[in-house]
1. For region 69-111, which positions are within 16 Å of the ligand (Cβ to nearest atom), farther than 19 Å from Leu59 by Cα and surrounded by 19 or more Cβ atoms within 10 Å (Cβ to Cβ)?
2. State which residue is surrounded by the most Cβ atoms within 10 Å (Cβ to Cβ) when the search covers only region 174-198 and only residues that are more than 15 Å from the ligand (Cβ to nearest atom) and farther than 20 Å from Ala143 by Cα.
3. Only residues that are outside any helix (DSSP H, G or I) and of a type in the set (A, V, I, L, M): list them for region 169-212, please.
4. Do we have Gln139 as within 13 Å of the ligand (Cβ to nearest atom), over 20 Å from Leu12 (Cα atoms) and modelled with pLDDT of 95 or more here?
5. Does Thr28 satisfy the criteria of being in contact with a strand residue (DSSP E or B) (Cβ under 8 Å, 6 or more places away or on another chain), among the β-branched types (Val, Ile, Thr) and assigned to a helix (DSSP H, G or I)?
6. Counting just the residues of region 143-172 that are over 20 Å from the mean Cα position of the chain (by Cα) and surrounded by fewer than 15 Cβ atoms within 10 Å (Cβ to Cβ), which one comes out nearest to the ligand (Cβ to nearest atom)?
7. Which condition from (1) in contact with a Ser or Thr (Cβ under 8 Å, 6 or more places away or on another chain); (2) within 16 Å of the ligand (Cβ to nearest atom) is the one that Lys130 breaks?
8. Which of the residues spanning region 119-160 are assigned to a helix (DSSP H, G or I) and in contact (Cβ under 8 Å) with a residue 40 or more places away in the chain?
Amino acid sequence: MSDKTVKLLSTLKLQPVVPVLIIEDAKTAVPLARALVAGGLKAIEITLRTEAALEAVRLVAQEVEGAVVGAGTILNAAHYAAAVDAGSQFIVSPGTTQELLDVARQSDIPLLPGAATASEVMALREEGYKVLKFFPAEQAGGAAYLKALSSPLAGTLFCPTGGISLKNAMDYLSLPNVVCVGGSWVAPKELVSAGDWAGITKLASEASALKG
Ligand code: 3PG
């Protein structure tokens, strides 16, 4: 296993659930990340879907003790470079392109690339990837689908994301090929805009108590 894969796995194994964040206002990033860390969720993915995202990554990387911040929704080499420059410690993409594979190969910061079919998983295995994001998990076929990949594609581990909540997280976490799940449910928009950080810590605590 490469050093980068070891690093990625150790981050993903910090907790059963990686929060997937869409941050509209960079000022919320630090209190939000602190609330998640206080609830036991240290590895945090900030998606590059908003203007505030890179600043949010930068602030969390600099100011939140105990957080391991990554960047998600990375679609191209420019996103990758900007996210690494902002302090991302891991990179997540919903799918995979040759451009992403090329930039990831040259970077010290590991990529968790997205895949949703056996052929996509096989192509990434040929590139040396052992840990993938299964996306969009529920919509692509859910835990039963991922379970069906576990025998023919043994040796590949997944972080399923998309449509996962406290209710169905264990369906995935109980599978042998799942290392953690990702989800936005631990940071609902309403609680973030209300500044209800205690409410977010409570959701994070429930999520971090799930057994993988
Ligand atoms: C995403 O990329 O949007 C993540 O998969 C989060 O999905 P969710 O909002 O369904 O948890």
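The values are calculated or read from the model by the stated rules, or taken from the named source; none is laboratory data. Predicted model only: the values in this text are computed from it and were never measured. Glycine gets a Cβ as well: all are built from the backbone with ideal geometry, and neighbour counts include every protein chain shown.
1. Those that are within 16 Å of the ligand (Cβ to nearest atom), farther than 19 Å from Leu59 by Cα and surrounded by 19 or more Cβ atoms within 10 Å (Cβ to Cβ): Ser93, Thr96, Leu100, Leu111.
2. So the residue we want is Trp197.
3. Within region 169-212, Leu175, Val178, Val179, Val181, Val186, Ala187, Ala209, Leu210 meet the criteria.
4. yes
5. So Thr28 fails the test.
6. Taking the candidates together, the pick is Ala144.
7. (2)
8. The answer is Ala137, and nothing else.
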